[in-house]
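Undergrad: This is the structure, below, for whatever I ask next.
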Ligand code: MRU
């Protein structure tokens, strides 16, 4: 997607086969920085420190991390090293299933019986294929989701107001995004869209990342505090909610960034369609119950402090916003029950958030 006049993806390789490049999301929207990952451990740290974040992107980063593990492995112990890197990458963050999906998919296909060189070659190919497949999945989500926006526009003939939570945009994926993919497509086709962007405390992925990428693409948007969504819905200012997902059970329960559940409740109370856009790499076909999804507990400092840009020093700064000594709890995700979800926008089409709906798309 566009940053200024340049087309970027969030993860890529240039000429050096030992280096993966990523956009450092921690410094956006204030500074645009690219980081080099040279080892599986660099990929692990990029995920745990949220240099890269968003379910599909961390899956792709894990795939490239496996490749780097093979590329940097010692001559005598390469297969063990790759397997250990896989285990560690899966453990980097617990909620998004994409990490496990990526590592399992690649490890199933590589042969420890062959040579180290053949494994490097294969993982190089598989990691690139994986990232490319994520791009295709996002693009297809956009094409399917477009029909929802088109349908509303045909009825209202006015700008379609879409509310989104967190960043389920191209920065969270490899390209296009999930929740944003239909929005970009609608905008590019001349359908007037306007996006209500939840700021998404504590890390403000909405205010910092979604607003940034929508702005770079020229999509009209307004940032709101997390608590404003319900009020705007009551006032008839939201036509549609689209969010992403970090893990969706095979029965359609959706884990996504903390606060998503409250938006689903408000949407349901106001009769507003609430859709979840997700690639199949975010579906956990093994899980049925939402309560089985592990919810990441994040550091207190994300709540006790706010990070922003100090206009005076022209540097980023972190300031305390709580009394010293106040306790903090910081769950990173919540689970929206399937009954509150109007439908799932997947790469195969739009389906009910139910076991039957998901089976009708993926046949598993
Ligand atoms: O903690 P994060 O920033 O990795 O959480 C990301 C989200 O919750 C996104 O909404 C998400 O991964 C949806 S998929 C694009």
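Undergrad: For the range 1-34, give me each residue that is in a loop (DSSP other than H, G, I, E, B) and within 16 Å of residue 315 (Cα to Cα). It would help to see each step written out before you state the result.
TA: Initial filter on the range 1-34 (in a loop (DSSP other than H, G, I, E, B)): 1, 4-5, 8-10, 14-19, 24, 28-33.
Listed by number, the residues that qualify are 24, 28, 29, 30, 31, 32, 33.
Okay, residues lined up against (1) within 15 Å of the chain's Cα centre (by Cα); (2) within 16 Å of the ligand (Cβ to nearest atom); (3) touching a residue at least 40 places away in the same chain (Cβ under 8 Å):
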residue: 90; (1), (2), (3): no, yes, no
residue: 94; (1), (2), (3): yes, yes, yes
residue: 123; (1), (2), (3): no, no, yes
residue: 149; (1), (2), (3): no, no, yes
residue: 161; (1), (2), (3): no, no, yes
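Yes/no per residue for (1) within 20 Å of the chain's Cα centre (by Cα); (2) outside any loop (DSSP other than H, G, I, E, B):
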site: 281; (1), (2): yes, yes
site: 312; (1), (2): no, no
site: 318; (1), (2): no, yes
site: 324; (1), (2): no, no
site: 334; (1), (2): yes, yes
site: 350; (1), (2): yes, yes
site: 353; (1), (2): yes, no
site: 356; (1), (2): no, yes
site: 360; (1), (2): no, yes
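Undergrad: Pick out the one residue from 117, 108, 80 that is out of contact with any helix residue (DSSP H, G or I) (no Cβ under 9 Å at 6 or more places or on another chain) and closer than 27 Å to residue 254 by Cβ. Give the derivation first.
TA: Numbers: 117 fails: closer than 27 Å to residue 254 by Cβ; 80 fails: closer than 27 Å to residue 254 by Cβ.
It is 108.
Undergrad: Right, next: Take residue 68 and tell me if it is under 15 Å from residue 281 (Cβ atoms), more than 16 Å from the ligand (Cβ to nearest atom) and outside the structural domain of residue 334 (by TED's automatic domain parsing). So that I can check it myself, show each step before the final result.
TA: Values: under 15 Å from residue 281 (Cβ atoms): no; more than 16 Å from the ligand (Cβ to nearest atom): yes; outside the structural domain of residue 334 (by TED's automatic domain parsing): yes.
Taking the combined requirement at face value, the residue does not satisfy it.
For every residue, the table says whether it meets (1) touching a residue at least 60 places away in the same chain (Cβ under 8 Å); (2) buried (at least 17 other Cβ atoms within 10 Å of the Cβ); (3) under 22 Å from the mean Cα position of the chain (by Cα).
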{"site": "8", "(1), (2), (3)": "no, yes, yes"}
{"site": "11", "(1), (2), (3)": "yes, yes, yes"}
{"site": "18", "(1), (2), (3)": "no, no, no"}
{"site": "55", "(1), (2), (3)": "yes, yes, yes"}
{"site": "69", "(1), (2), (3)": "no, yes, no"}
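The values are calculated or read from the model by the stated rules, or taken from the named source; none is laboratory data. Since we're looking at a predicted model, the values are computed, not measured. For neighbour counting, all protein chains shown are included, and Cβ atoms are generated from backbone atoms with ideal geometry for every residue, glycine included.
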